[in-house]
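*Asks:* I am attaching a structure below and will ask some questions about it afterwards.
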Amino acid sequence: MINLFYVHGSENHFYLLDQTLLTSELNDNELINLTKTITNKSNDLNPADGLLVINNSKHKDALAQMRVINADGSEASMCGNGLRCVARYLSNKYHKDSFKVETKSADLLVNKHKDLANNVAAFSVEISPVYFDSKYFPFENLNTTSILNTALPQLSDHLRFTAIAVPNPHLISFVENDHDLNETLGEIGKKLNEPNPYFTDGVNVNFAKILSRNKLFVHTYERGVGFTNACGTGMSATSLAFAINFPNLVDTKEQIDVYNPGGMVQTKVHNTPNNQWIELIGNATFVGKISISEKKLHSATVDNINFTDTGEETDYQKFVGSIK
């Protein structure tokens, strides 16, 4: 029997599978089928946004490889919330507090962080590389090669946008009212993740409200998922956009508090020339696990499965209550 762990970063939920423990690894089609099955809201499992897959890495400096399969079967370039959960799993497995994890685009440094609260484990993870060029999105028919605090009348008659890839693509807008933060975000996010002439590969859309100096609230419509409680790379990209577009409201020597529907993370923007990256700090909560046979994994069969609760979610919710 193999454990599928049910985990989350800021209530961005995943199932985590360590393929290195399997006799026979799942192929890509099997991973997609498994992900679609376990994220299907009609089954009896806890809801999730995707599957985190741990493989052996062939990279010299990486402890392991992480893959992220979205609910629709697409593969994400990176996932900051998921990486924190993978980091915690690998830290416990190999008894290491600092190491690199291979992701689709880069080997990223992760570090064990002090607990956010009682029984609320936390990790910091590197979010990089950073790109602004349209070749990393791409965005088409917008009559520009970069989007930096830019009005895009094709998308909105009153909002301005910034596009940053970290390395998965994010479109960011800073808004002032809750209607834009929710309804407008949903309209634009849905539009840009269906067939459209502007972001032909789709894009993660993040709307943010500036709360005060070094403090934000971010809501995300995630490519391949839809509305999420939190998106780690989205909060990281939005933090960088915050520092670039509103330098009078950001002290990059200090951490930025980033609130989201699922809780809060902290970011640290490193915005030096030719070396832009973001440090993302937040919870890595293991809610529970299910035990499943390899045969059922390969066939994506998830009926008659028992869930074992760790109790960590209760402590996480106490933490969330304390910061509201």
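Every read-out reported here was derived from the displayed coordinates using simple, explicitly stated rules and does not represent laboratory data. Note that the structure is a prediction, hence the values are computed from the model and not measured. Ideal geometry is used to build each Cβ from the backbone, glycine not excepted, and the neighbour counts take in all protein chains shown.
*Asks:* If you place +1 on the Cβ of every Lys and Arg and -1 on the Cβ of every Asp and Glu, how big does the dipole about the Cα centre of the stretch 98-147 come out, in debye to the nearest 20? Kindly include the intermediate steps, with their values, before the conclusion.
*Replies:* On the way: 5 positive and 6 negative charges, 32 e Å.
Around 160 debye, computed over the stretch 98-147.
*Asks:* At 0.36 nm per residue, and after removing the present C-alpha to C-alpha distance, how many nm does the segment from N119 to F227 gain when stretched out fully?
*Replies:* This chain segment gains 36.1 nm when fully extended.
*Asks:* If you bin every alpha carbon distance in the stretch 38-115 into 5 Å steps from zero, what whole percent lands in each bin?
*Replies:* 3, 15, 26, 22, 16, 11, 6, 2, 0
*Asks:* Using only the alpha carbons of the stretch 134-277, what is the convex hull's orientation-averaged projected area in square nanometres?
*Replies:* 7.9 nm²
*Asks:* Grab the alpha carbons of the stretch 17-153, take their convex hull, and tell me the volume per residue in Å³.
*Replies:* 186 Å³
*Asks:* If you place +1 on the Cβ of every Lys and Arg, -1 on the Cβ of every Asp and Glu, and leave all else neutral, what size is the dipole of the chain about its Cα centre, to the nearest 20 Debye?
*Replies:* Magnitude of the dipole: close to 620 debye.
*Asks:* Between Rg and the Kirkwood Rh of the chain, both from Cα atoms, what is the Rg to Rh ratio?
*Replies:* Checking Rg against Rh, the ratio lands at 0.95.
*Asks:* Shifting gears a bit: Consider a paramagnetic label point 7 Å from the Cα of D28 along Cα→Cβ; state which residues of the stretch 50-76 have an amide N under 20 Å from it.
*Replies:* Answer for the stretch 50-76: 50-59, 65-76.
*Asks:* Also: Distance between the C-alpha centers of the stretch 184-262 and the stretch 1-64? Whole Å please.
*Replies:* About 25 Å separates the Cα centre of the stretch 184-262 from the one of the stretch 1-64.
*Asks:* Something else about it: Pick from L17, L152, L109 the residue whose mean-square fluctuation is largest in a GNM of the chain, springs joining Cα atoms under 10 Å.
*Replies:* Looking only at L17, L152, L109, the largest GNM fluctuation is found for L152.
*Asks:* Under 11 Å from the Cβ of N81, count the other residues' Cβ atoms, weight Lys and Arg +1, Asp and Glu -1, and hand me the total.
*Replies:* Local charge sum for N81: -2.
*Asks:* Quick check: residue separation of T272 and L249 times 0.36 nm, minus the Cα distance between them. What number comes out in nm?
*Replies:* 6.5 nm
*Asks:* Between H13, H59, H158, which gets the highest mean-square fluctuation from a Gaussian network model of the chain, Cα cutoff 10 Å?
*Replies:* Ranking H13, H59, H158 by mean-square fluctuation puts H158 first.
*Asks:* Taking R0 as 35 Å, what FRET efficiency do you get between S42 and K93 from their Cβ-Cβ distance, rounded to the nearest 0.05? Mind showing how you got there, number by number?
*Replies:* Values: r = 33 Å, r/R0 = 0.94.
E between S42 and K93, to the nearest 0.05, is 0.60.
*Asks:* In addition: Any chance you could run the full-extension gain for S156 through K104? It's 0.36 nm times the residue separation minus the Cα-Cα distance, nm to one decimal.
*Replies:* Here the answer is 15.5 nm.
*Asks:* Let me ask something else. List the residues of the stretch 1-34 whose backbone N lies under 13 Å from a point placed 7 Å from the Cα of S293 along the Cα-to-Cβ direction.
*Replies:* Counting only backbone N, you get 1-2.
*Asks:* Using 1/(1 + (r/R0)^6) with R0 = 22 angstrom and r between the beta carbons of N149 and I323, what's the FRET efficiency to the nearest 0.05? Write down the numbers at each step before the final one.
*Replies:* Numbers: r = 29 Å, r/R0 = 1.33.
Efficiency for this residue pair is about 0.15.
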